[in-house]
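Only one structure is covered here, and it is reproduced in the block below.
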Amino acid sequence: MKLKKLINVMIVLSFLLLMGCQKKPQLYSKVFTGPFDTITQYMSYATNKDDFDSQCQMIKEKLEYYDRLFDKYSSYDDINNVKTINDNAGIKAVKVDQALIDLLTISIERYKTISNKVNIAFGSVIDIWHDYRERAESHNGVGDVPSKKELEKANLHTNIDSIKIDKKAKTVYISDKLVSIDVGATAKGYAIELIKQDLIKSGVDNFLLSGGGNVASHGKRKITKEGDFYLKECQDEFCVGIESPKNGNFSHKEGDADSENEAVLVVQGESIVTSGDYQRFYEDIHGVRYHHLIDPATLFPAVHFRSVSIITDDSGLADFLSSAVFLMSYEDGLKLVNSLDGVEAIWLLEDGKIRMSNGLKDNDRVYVIDKSRLK
């Protein structure tokens with residue numbers, strides 16, 4: 001055998017041996033608790049646990065960083081955050097990290113170009129509802145309701161133009177000392193999107209990252225999932241469920257296997273963010289529910305739906321839109337969603353019915369578990 005041919009054979013054999021030694025990817029998952037006051041779950045594929053643990057360490061560090069940076073309730077020695085800005089309202093500009101500059105900037109842009117239902121300068125009103133809910137939680141979830149007069153007084157200080165951002169100096173100044181920035185409707189989805197992009201840049205090609213109603217996906221399943229599914233695509237692609245409120249007109253029979261979700265969607269790179277009335281809320285002595293999604297038009301919790309889920313590529317945009325559309329009538333919300341490219345929505349109505357935006361109707365990648373709920 002000639003030397004050149006022998007060398008070529010050896011190279012081929014070495015390559016085949018190397019391929020045979022490579023480990024097949026395995027599906028790993030991990031749950032994080034704490035950041036953003038929620039449970040975050042991450043699932044991805046890796047050839048070994050060390051690689052997966054490295055991904056998880058990065059996610060954990062990023063979640064903790066963004067949680068502190070976007071926090072309006074607590075101060076930290078090593079970082080200027082939303083609370084630092086609010087504490088210095090009417091006093092001085094505060095230098096902050098670029099991620100906070102970007103979040104505030106894009107939140108203001110979306111308020112002015114997409115919907116004024118989500119106003120990051122609405123904190124003075126949100127703070128009142130937050131305080132009443134906190135007091136109620138210490139009394140078995142039952143509490144008082146703020147007066148219209150109290151809310152209207154706070155609403156005098158919600159002008160988004162009072163937030164002055166100097167991008168070059170990386171500072172934020174609030175000109176009205178009674179204005180309070182609140183990024184609760186935008187921060188978590190924005191943070192999830194930033195982490196998603198970091199994972200992609202680091203070479204992670206197939207994963208799901210879910211943080212308290214904010215689900216970001218990339219790629220598809222590498223390992224076919226066994227079992228029976230509502231959609232056959234769920235064997236080879238990631239699927240995400242639209243959570244059921246599990247009460248009122250969305251009650252299920254005890255032990256019903258379908259009680260967790262109202263619908264299931266196939267995702268491949270999309271994000272799904274849900275805003276609903278069934279997690280952060282309290283009740284008055286008459287049993288009336290007061291949740292955390294406050295309509296700036298009424299200054300009270302919106303009463304249109306049980307939940308709204310937005311499906312689009314960008315988790316940050318989905319977070320903004322899920323809050324905005326939840327605070328609109330169905331007709332206005334549908335008009336907005338249909339006007340935006342690559343955006344779809346699912347509404348769970350108070351009466352137990354389910355509606356979907358135009359792009360999801362008759363779509364074989366979405367399955368509504370109880371067809372009688374479709375309206």
query = In this structure, does Gly203 turn out to be part of a loop (DSSP other than H, G, I, E, B), within 30 Å of Lys23 (Cβ to Cβ) and open to solvent by less than 50 Å² (accessible area, probe 1.4 Å)?
reply = no
query = What number of residues within the range 170-200 are among the polar types (S, T, N, Q) and part of a loop (DSSP other than H, G, I, E, B)?
reply = 3
message = For the range 177-195, which positions are of a type in the set (Lys, Arg) and crowded, with 24+ Cβ neighbours inside 10 Å?
response = Lys188
query = Before we move on, is Asn214 of a type in the set (S, T, N, Q) and surrounded by 14 or more Cβ atoms within 10 Å (Cβ to Cβ)?
reply = yes
request  = Name every residue in the range 176-198 that is touching a strand residue (DSSP E or B) at 6+ places or on another chain (Cβ under 6 Å) and either over 30 Å from Lys220 (Cα atoms) or of a type outside the set (Gly, Ala, Ser) (or both), in order of residue number.
outcome  = Lys188, Ile192, Lys196
remark   = By residue number, the members of the range 107-146 that are at positive phi and among the polar types (S, T, N, Q) are Asn140
Options Glu233, Glu260, Glu226, Glu193: the member that is under 30 Å from Ser138 (Cα atoms) and acidic (Asp, Glu) = Glu260
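Within the range 88-103, work out how many residues are of a type in the set (Gly, Ala, Ser) and crowded, with 20+ Cβ neighbours inside 10 Å.
Qualifying residue count, the range 88-103: 1.
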message = What pairs come out if I take residues in the range 140-156 that are without any contact (Cβ under 8 Å) to a residue 24 or more places away in the chain and pair them with residues that are assigned to a loop (DSSP other than H, G, I, E, B) and open to solvent by 50 Å² or more (accessible area, probe 1.4 Å) whose C-beta lies under 8 Å away, six or more apart or interchain?
response = Leu156/Leu178
inquiry  = Among the numbered criteria (1) under 21 Å from Gly213 (Cβ atoms); (2) free of Cβ contacts under 8 Å to residues at least 24 places away in the same chain, which one does Ile192 miss?
reply    = (2)
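The values are calculated or read from the model by the stated rules, or taken from the named source; none is laboratory data. The shown structure was predicted, so the numbers you read here are calculated from the model rather than taken from an experiment. Note: ideal-geometry Cβ built from the backbone for every residue, glycine included; neighbour counts use all protein chains shown. Please note that ligands, DNA and RNA were not included when accessible areas were found on the heavy atoms of the full protein model with its side chains. Shrake-Rupley method; radii C 1.70, N 1.55, O 1.52, S 1.80 Å.
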